[in-house]
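Worksheet: the structure to be examined is printed underneath.
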Amino acid sequence: MPDRRHPTYLAFLAHRLSGLALALFLPLHFWALGQALQGEAALEGFLRWTDHGLFKLAEWGLVVLLALHLAGGLRVMALEFLGWRARQKDMAALGAGFALAVGLLFLLNVG
Amino acid sequence: MDRLTVRIWRGDAAGGAFAAYEVAARENQTVLDVVSEIQREQEPALAYRFACRVGMCGSCAMEVNGRARWTCRTHVRRVARPGEALTLRPLPHLPVIRDLATDMAPFFDKWARAMGSFQPKDAPDGAVPEDFAVVPPGSKARREADAGIECIGCGVCHASCDVVAWNPDYLGPAALNRAWTLVNDVRDGAQAARLAAVSGDAGCHSCHSTQSCTERCPKGLDPSSAIAGLKRRLFWDALLGRRG
Amino acid sequence: MRGQLHLWVAQRLTAAFLAVAVAVHLVTIIIAVRGGLSAADILARTRGSEAWLLFYAGFALAAGLHAAIGLRAIAAEWLGWRGRGLDLLWLGLGLATALFGIRAAWGLYHA
């Protein structure tokens, strides 16, 4: 196993894996919201079905992944379009911090 | 005197295995010193490559304890704690000729495919131009080119790049860095063809900015930013309908 | 080659839009989960609102394409799935996902 232990490599892995998870979740998300086509009762029925704690945990995970992917994407675009080559490692750390903060906010508000 | 254990991958394109050697652990010795000592004192048939020994020629790169490095400027004590072994392998992502010597041809073929040679604008037939080109050293383009021209072609970035492993056609950080220096050379007349050559999945658009190239470049260059520059140029060219 | 360049350009254009849309989405999520998700609360916001319909339709289009182009890269690099035929398949998959999402957005507007 080659040595790839450096912050921007970790940031790449986080970006790719979060993107993969979000891409696979997307059709599921659209299917769930599509319940609204059958009326308010159908959507409400689905939402109550997801009140289980495991779903809440999954929701929290998805929110964190979304925030992580957003922050990671902004870092890459800052490099690509603005040429911000300095402080890439700080930006990667900031992205992780941002995702955790969003996750915390979610936990504080959920319930 | 303390001993240093050195595990060296020995074999050829068909395969190979590690062989263990022991040398004296000295206060000041580079990885290349150690390899040379083993070749001279213990294993005359050991194949490896070096020339200048002072970080200029780019021929001595190997994988040292999991990381591609220039071995002539890598001190053993910087990469192995006292008592820890050295593990040496040939540079990854290139065909092995024998032992620690890789075939660098595919690496430099990629430079050619990225149009890494200067194409004079004024004298396309290769003749000497009538007059000197005026290139202000402080201009943005010149500074971009200057940032990348100290490459010694050692292949460390190419060996450290995952995209090269995942897509063997990918031109890699060194060739793309070279292309970016020429894209910023106002004397060059082959910009449209070069930008086309570095575009797409085999070119800059496969780079995921892991920045392993920048992290590992022994010369402290930043190929990752050079590739970002190519992406930026091609993005605006595509969006505004410019061709070169 | 031009096709590959254009896929990359599409990836970054959708990314730029998604950067804003995801930020809005995260804020909306954190506000919406206060006191529990309910169909009535969601629909009170989206029902009959052209602004939210337009936002979510654009969001779905960008997310569908962005996800498919990302999956294409992962499939090429980690599974070795490459080729023009597959590129068209990914594009189709992205558009299908987007339409599925626009359908859901219509449901939230019309329910």
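The values are calculated or read from the model by the stated rules, or taken from the named source; none is laboratory data. Since the structure is predicted, the reported quantities are computational estimates derived from the model, not experimental observations. Neighbour counts run over all protein chains shown; Cβ positions are idealised from the backbone, glycine included.
Any residue at all in region B:105-114 that's under 19 Å from B:TRP9 (Cα atoms), surrounded by 19 or more Cβ atoms within 10 Å (Cβ to Cβ) and either more than 14 Å from chain C (Cβ to nearest Cβ) or aromatic (Phe, Trp, Tyr) (or both)? There is no residue in region B:105-114 that is under 19 Å from B:TRP9 (Cα atoms), surrounded by 19 or more Cβ atoms within 10 Å (Cβ to Cβ) and either more than 14 Å from chain C (Cβ to nearest Cβ) or aromatic (Phe, Trp, Tyr) (or both).
Condition (residue is of a type outside the set (Asp, Glu), outside the structural domain of B:GLN39 (by TED's automatic domain parsing), modelled with pLDDT of 95 or more and part of a loop (DSSP other than H, G, I, E, B)) applied to region B:142-149: is it met by at least one residue? Yes: one or more hits.
Residues in region B:152-172 that are among the small types (Gly, Ala, Ser) and either modelled with pLDDT under 95 or in a loop (DSSP other than H, G, I, E, B) (or both): B:GLY153, B:GLY155. Number of residues in region C:28-63 that are under 17 Å from the mean Cα position of the chain (by Cα), more than 7 Å from every other protein chain (Cβ to nearest Cβ) and of a type outside the set (Gly, Ala, Ser) equals 8. Scanning region A:46-57 for residues that are exposed (fewer than 14 other Cβ atoms within 10 Å of the Cβ) and part of a helix (DSSP H, G or I) yields A:ARG48, A:TRP49, A:GLY53, A:LEU54, A:PHE55, A:LEU57. Considering B:ALA202, B:ALA193, the condition of being part of a helix (DSSP H, G or I) and of a type outside the set (Asp, Glu) is satisfied by B:ALA193 alone. The condition (being part of a loop (DSSP other than H, G, I, E, B), under 18 Å from B:CYS217 (Cα atoms) and of a type outside the set (D, E, K, R)) is satisfied by just one residue among B:MET56, B:MET62, B:MET115: B:MET56.
Selection over region B:185-244 of residues that are within 14 Å of chain C (Cβ to nearest Cβ), surrounded by fewer than 17 Cβ atoms within 10 Å (Cβ to Cβ) and under 29 Å from B:PRO129 (Cβ atoms) gives a count of 5. In this structure, A:ALA23 does not satisfy being among the small types (Gly, Ala, Ser), within 8 Å of chain C (Cβ to nearest Cβ), part of a helix (DSSP H, G or I) and exposed (fewer than 15 other Cβ atoms within 10 Å of the Cβ).
Quick check, is B:PHE118 over 30 Å from B:ALA25 (Cβ atoms), surrounded by fewer than 16 Cβ atoms within 10 Å (Cβ to Cβ) and free of Cβ contacts under 8 Å to residues at least 12 places away in the same chain? In short, no.
Of the residues making up region B:19-35, one or more are in contact with a Lys or Arg (Cβ under 6 Å, 6 or more places away or on another chain), assigned by TED's automatic domain parsing to the domain that holds B:ARG89, surrounded by 13 or more Cβ atoms within 10 Å (Cβ to Cβ) and outside any loop (DSSP other than H, G, I, E, B). Within region A:22-79, which residues are touching a Phe, Trp or Tyr at 6+ places or on another chain (Cβ under 7 Å) and among the acidic types (Asp, Glu)? Matches in region A:22-79: none. Quick one: is A:LEU108 surrounded by fewer than 20 Cβ atoms within 10 Å (Cβ to Cβ), out of contact with any Gly (no Cβ under 9 Å at 6 or more places or on another chain) and within 10 Å of chain C (Cβ to nearest Cβ)? For A:LEU108, the condition - surrounded by fewer than 20 Cβ atoms within 10 Å (Cβ to Cβ), out of contact with any Gly (no Cβ under 9 Å at 6 or more places or on another chain) and within 10 Å of chain C (Cβ to nearest Cβ) - is met. A residue that is among the aromatic types (Phe, Trp, Tyr) and over 17 Å from the mean Cα position of the chain (by Cα) occurs somewhere in region B:15-23. Here B:CYS154 does not fit the description of being closer than 17 Å to B:LEU230 by Cβ and touching a residue at least 12 places away in the same chain (Cβ under 8 Å).
Under 6 Å by Cβ, and 6 or more places apart or on different chains, what pairs join a residue from region A:84-111 that is farther than 11 Å from A:ALA11 by Cα with one that is in a loop (DSSP other than H, G, I, E, B)? Listed pairs, sorted by first residue: A:ARG85/B:ASP222; A:ASN109/C:VAL33; A:VAL110/C:VAL33. Quick one: is A:ALA36 closer than 19 Å to C:ALA21 by Cα, facing another protein chain (nearest Cβ under 8 Å) and either at pLDDT below 95 or surrounded by 17 or more Cβ atoms within 10 Å (Cβ to Cβ) (or both)? Here the answer is no, as A:ALA36 does not meet what is asked. Within region B:82-104, the set of residues being of a type in the set (S, T, N, Q) and buried (at least 21 other Cβ atoms within 10 Å of the Cβ) comprises just one member, B:THR102. For region C:84-104, the condition of being facing another protein chain (nearest Cβ under 10 Å), over 20 Å from C:ALA15 (Cα atoms) and touching a helix residue (DSSP H, G or I) at 6+ places or on another chain (Cβ under 8 Å) holds for at least one residue.
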